[in-house]
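The next block holds one structure in the form of C-alpha cells; read it before the comments.
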Amino acid sequence: RASFNRANLFYQVAPKQDLEQQLLEFLQERQDEPGIIYRTTRKNVEATTAFLKKQGIAAQAYHAGLPDAERSAVQDAFRQDECGLIVATIAFGMGIDKSNVRFVIHADLPKNLEGYYQETGRAGRDGEAARCLLFYGRSDIAQLMRFAEGIDDPDARETAKQQLFRMLDFTQKEGCRRKALLAYFGEELPGDNCGGCDICTGEAEREDASVAAQKLLSAMVRTGGRFGARHVINIVMGKESKRIRDFSHQELPTFGVGRDRDAAYWHRVMDAALAQ
C-alpha cells in the first residue's frame, strides 16, 4: 500500500488577516520559485492576479471562464517554466506533470481534506522541499456552509457539513498537521515531531484563549443563542449600536469585557471555538 506521507512537504496554516499583504510577503521571498495559488472563485482568481501584477509579480490567471486557447497557453507556459506563478481555481494542475513546483498556496479554505491533500500533492514531486500554505477566514467558513446547506439530498448535505468540520478541525489542530492528515487516511506517523509542519517546528503561534472563549460563550448564553458572531463580538468589545440598544444588550454583564483586544482577535477565537 502506498504511503500518504509526503516527507518533503512542509504544511503551514494561518488565519487570514490581510490576505494580499500575506501573499505578497510570502512571494517576495520566493520570486524565482514556481508555484500555484488556489482560489475558490473566478472573481477571486482575477482579483488576486491583478493585485500581484500591480506589485510587479508575474502571475497568470487560470479558470474555466477563460477561452480554451488561453487556458492551454497558460498551462504550456507554466509547464515550460515560462511562467512561474499561476493563480487558479482547483481544476488547474490536474494532468500537468511538473515536478519542480516549490509551493502551493490555498488562499481560501478547501471544501474537504481529500481535495486539500490532492492539491498540495502538486508541489515537490521531484522530492525536493516544498511548502504548502493554507489561509482560512470566517468568510470561507460561511461560504462553504451555505454551499452545504444548499444541497438538496439530505445525506449529501450532511456529508458536506462533516467534511467542512473536518477541514476546520485541521486548521485548529494543536498537534502535528502531518499526523492529522495521515490519520485521516488511516495511517500513523511514528514519533512525536514530524519536523515538517508549523506546529512541530514552532512556527505557528499558539496561546491559551480559554478565558476569551468563556467571555464569548457567556455573551451567547445571555442573549439566548439567537445572534450572529458579529453581534456577540460587538457585545464583548463594548461597541454600542442601534441593534445592541434595541435589545438592551449594553446592560449585560459581558458588555465590554473584551475591550482590550481588537475585532480580528475575537473573530479568531470565535473561529477556533466553532471548529472545536
Failed condition for residue 116, given (1) over 30 Å from residue 229 (Cα atoms); (2) in contact with a Pro (Cβ under 6 Å, 6 or more places away or on another chain): (1)
Can you give me the number of residues within region 1-15 that are surrounded by fewer than 17 Cβ atoms within 10 Å (Cβ to Cβ) and charged (D, E, K, R)? 1
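Where in region 220-276 are the helices (runs of 4 or more DSSP H), entirely inside, with at least 1 residues that are of a type outside the set (A, V, I, L, M) and over 29 Å from the mean Cα position of the chain (by Cα)?
Details: elements: 229-237, 242-246, 263-275.
Once the helices (runs of 4 or more DSSP H) in region 220-276 are filtered for at least 1 residues that are of a type outside the set (A, V, I, L, M) and over 29 Å from the mean Cα position of the chain (by Cα), what remains is 242-246.
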Conditions (1) modelled with pLDDT under 95; (2) farther than 23 Å from residue 20 by Cα; (3) out of contact with any Pro (no Cβ under 8 Å at 6 or more places or on another chain) -> residue 92 fails only (2)
If a residue has to be at pLDDT 95 or above, buried (at least 20 other Cβ atoms within 10 Å of the Cβ) and among the β-branched types (Val, Ile, Thr) to count, how many in region 185-232 make the cut? 1
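Within the group 207, 174, 203, which residue is touching a strand residue (DSSP E or B) at 6+ places or on another chain (Cβ under 7 Å) and part of a loop (DSSP other than H, G, I, E, B)?
On the way: 207 fails: touching a strand residue (DSSP E or B) at 6+ places or on another chain (Cβ under 7 Å); 174 fails: touching a strand residue (DSSP E or B) at 6+ places or on another chain (Cβ under 7 Å).
After ruling out the rest, the residue left standing is 203.
The values are calculated or read from the model by the stated rules, or taken from the named source; none is laboratory data. As the structure is a computational prediction, the values presented were derived from the model and not from experiment. Note that we place each Cβ from the backbone using ideal geometry, even for glycine, and neighbour counts take in every protein chain shown.
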